[in-house]
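A short worksheet on the structure shown next.
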Amino acid sequence: MDETAALKTTPLHALHVSLGARMVPFAGYDMPVQYAPGVLKEHLWTRSSAGLFDVSHMGQVTIRARSGKYEDAALALESLVPVDILGLAENRQRYGFFTDDKGGILDDLMIAHMDDYLFVVVNAACKEQDFKHLQDHIGDSCEVTLLDRALIALQGPRAVDVLAELWADIAYMKFMDVRHCRLHDVSCLVSRSGYSGEDGFEISVPADKAEDIAKRLLEHPDVQPIGLGARDSLRLEAGLCLYGNDIDQTTTPIEGALEWAIQKARKTGGVRAGGFPGATRILGELDGGTTRRRVGLKPEGKAPVRGHSKLYAEAEGKTEIGEVTSGGFGPSVESPVAMGYVPTDFAAPGTTVYAEVRGKYLPVVVSTLPFIKPTYKR
């Protein structure tokens, strides 16, 4: 049996094939990993111009309180995430994560306050279980809907100018703003956010209009299609986590260095402290620290250090202390970059640890994240 036969496709699948993309299985979908220029050129194009990404495999969910009040939807979702949703201003979005009773991360997500409802974007591999998680826990008080829409990301310094030709007001949006608008006479939901470390936008569009919107954007000379390969190297340079690699149910938000995403209202002493799964452990770690931390890692040589490489305290490889979770070549920094977990005693920037690569122990220096300077428009 053809292994691709069971794969799902996005509304842009035919377009990817027509553009000569190399397609690969990803999160149950047949997705473009790269186009003719290749990962390196696609990565650098996004950093200098504007790259178009198909992220329609991700889950788009709306949450509406049965009472009709935003406050009730916000408080319901707060029972599942350690994030201040009640204090989220209208037309703004915030990063968050579902946690379990042990403080592990079930998935990370983006949460937007739209009028009287919440618009949530979750990871492709987790979307069915996330939808069930929401239904099981807040379905009595909220109407939870998994949308059938496409999601297109336009990332890079030229993205705003490209979209401003279609909707002038987009230039006034700030990082993490979300707005309803019309692009090529199609009703869209646009957020000024992304997964590249660059200024950019994520555009939710009706599935049947996605190919037309994408084709029109690609007609602009500053826009090129970008595959999952460059998406991964861009997010790695930006120090952004990939769920299933850098964070999962075995990692807490504090171990994952994501404490910045837990607002004051949900911390110890806050007006709505705790009240989410795993709160005792997570707030305990927030106040008292953890035994390990996610850190940036810069290999000293030219050889990339890949995910799952073991980390050691000494050059002889005697004491295993951690593991690389993501790694590769960073085209913008022109060197290998990686992320992984080390004991807190080894987490200070400048600390040298050793990664096992093909039987050798290569020096790797703990680095601050991100590896590039983000260009978000705050």
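Residues to consider are Ala238, Ala265, Ala214, Ala261; find the one that is touching a residue at least 40 places away in the same chain (Cβ under 8 Å), open to solvent by less than 20 Å² (accessible area, probe 1.4 Å) and closer than 19 Å to Ser332 by Cβ. Sole residue among the options that is touching a residue at least 40 places away in the same chain (Cβ under 8 Å), open to solvent by less than 20 Å² (accessible area, probe 1.4 Å) and closer than 19 Å to Ser332 by Cβ: Ala238. Restricting attention to segment 222-235, the residues that are open to solvent by 40 Å² or more (accessible area, probe 1.4 Å) and of a type in the set (D, E, K, R) add up to 1. Looking only at segment 62-71, decide whether some residue is in a helix (DSSP H, G or I) and either free of Cβ contacts under 8 Å to residues at least 60 places away in the same chain or crowded, with 17+ Cβ neighbours inside 10 Å (or both). Yes. Looking at this structure, is Gly51 of a type outside the set (Asp, Glu) and in contact with a Leu (Cβ under 8 Å, 6 or more places away or on another chain)? Answer is yes for this residue. Which one is nearest to Ala230 (Cα to Cα), of the residues in segment 299-328 that are open to solvent by 70 Å² or more (accessible area, probe 1.4 Å) and within 24 Å of the chain's Cα centre (by Cα)? Checking each candidate, the answer is Arg306.
Within segment 330-345, the residues that satisfy the criterion of being open to solvent by 40 Å² or more (accessible area, probe 1.4 Å) and touching a Ser or Thr at 6+ places or on another chain (Cβ under 9 Å) are Ser332, Thr344, Asp345. Take the conditions of a type in the set (Ser, Thr, Tyr) and within 16 Å of the chain's Cα centre (by Cα) and apply them to Ser187. Does it pass? Considered against the rule, which asks whether it is of a type in the set (Ser, Thr, Tyr) and within 16 Å of the chain's Cα centre (by Cα), Ser187 comes out as no.
Considering every residue within segment 92-101, establish whether at least one is among the charged types (D, E, K, R), outside any strand (DSSP E or B) and open to solvent by less than 30 Å² (accessible area, probe 1.4 Å). Reasoning before the result, please.
Start the filter on segment 92-101 by keeping residues that are among the charged types (D, E, K, R), which leaves 92, 94, 100-101.
Within this subset, residues satisfying the condition of being outside any strand (DSSP E or B) are 100-101.
The next check asks that each one be open to solvent by less than 30 Å² (accessible area, probe 1.4 Å); those that pass are 100.
Among the residues of segment 92-101, at least one is among the charged types (D, E, K, R), outside any strand (DSSP E or B) and open to solvent by less than 30 Å² (accessible area, probe 1.4 Å), which makes the answer yes.
Mind listing whichever residues of segment 111-138 are assigned to a strand (DSSP E or B) and either crowded, with 20+ Cβ neighbours inside 10 Å or basic (Lys, Arg) (or both)? Selection gives Ile111, Ala112, His113, Leu118, Phe119, Val120, Val121, Val122. When Ala14, Ala50, Ala21, Ala27 are checked against the criterion of being on the phi > 0 side of the Ramachandran plot and touching a residue at least 60 places away in the same chain (Cβ under 8 Å), a single residue qualifies: Ala27.
The values are calculated or read from the model by the stated rules, or taken from the named source; none is laboratory data. Just so it is clear, the model here is predicted, and its values are computed rather than measured. FYI the Cβ positions are ideal-geometry reconstructions off the backbone, even for glycines, and counts take in every protein chain you see. Remember, those area values only see protein heavy atoms, side chains included, never the ligands or the DNA or RNA. Shrake-Rupley method; radii C 1.70, N 1.55, O 1.52, S 1.80 Å.
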